[in-house]
1. Given 133, 44, 85, which one is in a helix (DSSP H, G or I), over 42 Å from the mean Cα position of the chain (by Cα) and of a type in the set (Lys, Arg)?
2. Could you tell me whether the range 2-22 includes any residue that is modelled with pLDDT of 90 or more and exposed (fewer than 10 other Cβ atoms within 10 Å of the Cβ)?
3. Just a yes or no: is a residue in the range 80-100 exposed (fewer than 10 other Cβ atoms within 10 Å of the Cβ), of a type in the set (S, T, N, Q) and modelled with pLDDT under 95?
4. Of (1) modelled with pLDDT under 90; (2) open to solvent by less than 100 Å² (accessible area, probe 1.4 Å), residue 57 satisfies all except one. Which?
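The values are calculated or read from the model by the stated rules, or taken from the named source; none is laboratory data. It should be emphasised that the depicted structure is a prediction, and the values quoted were computed from it without experimental measurement. So basically every Cβ, Gly included, is an ideal-geometry build from the backbone, and we count neighbours across all protein chains shown. Just the protein is used for accessible areas: all its heavy atoms, side chains included, with ligands, DNA and RNA removed. Shrake-Rupley method; radii C 1.70, N 1.55, O 1.52, S 1.80 Å.
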Amino acid sequence: MAADTAAATAPVVTGISDTVFIGIFIILGMIVIYLVIREIRIMKTANRTIELGLEKDKLKLLQQHEAQKLFPFTRFSPEQIADIKKVEDEIQTIETDNFAKQNLLEKRLSRLENIVKAKKLDGMLDNVSNQEKKVK
């Protein structure tokens, strides 16, 4: 019996101990964290390259637009430019005259409305005073 208790108390050695399991789990955890961080950096880099590509496309469009401004499709002779300026000046003169006439018309209509309102009020006051005289 003594031999049985001594054999039972002896530590049983298995192939892998608990510290080895913990070490393996820590290493696997570090590998997973590394892969996650790597994927995040790759995503940020990919987004930035896409943004840079869009900026380059915008610059190309702006350059094309500016190039079109430098070379107009129609070129006018000095006589044609003078005629265009003359017409533009006439248009501006007519617009100024129209504004002045419209402003004058609005003022006169306002004055007419005030005169009509004043006469109506005078008539109503006379009517009220006549009614008051009849009542007294």
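1. Working: 44 fails: over 42 Å from the mean Cα position of the chain (by Cα); 85 fails: over 42 Å from the mean Cα position of the chain (by Cα).
Residue meeting the stated conditions: 133.
2. Taking every residue of the range 2-22 in turn, at least one turns out to be modelled with pLDDT of 90 or more and exposed (fewer than 10 other Cβ atoms within 10 Å of the Cβ).
3. no
4. Residue 57 satisfies all of (1) modelled with pLDDT under 90; (2) open to solvent by less than 100 Å² (accessible area, probe 1.4 Å) except (1).
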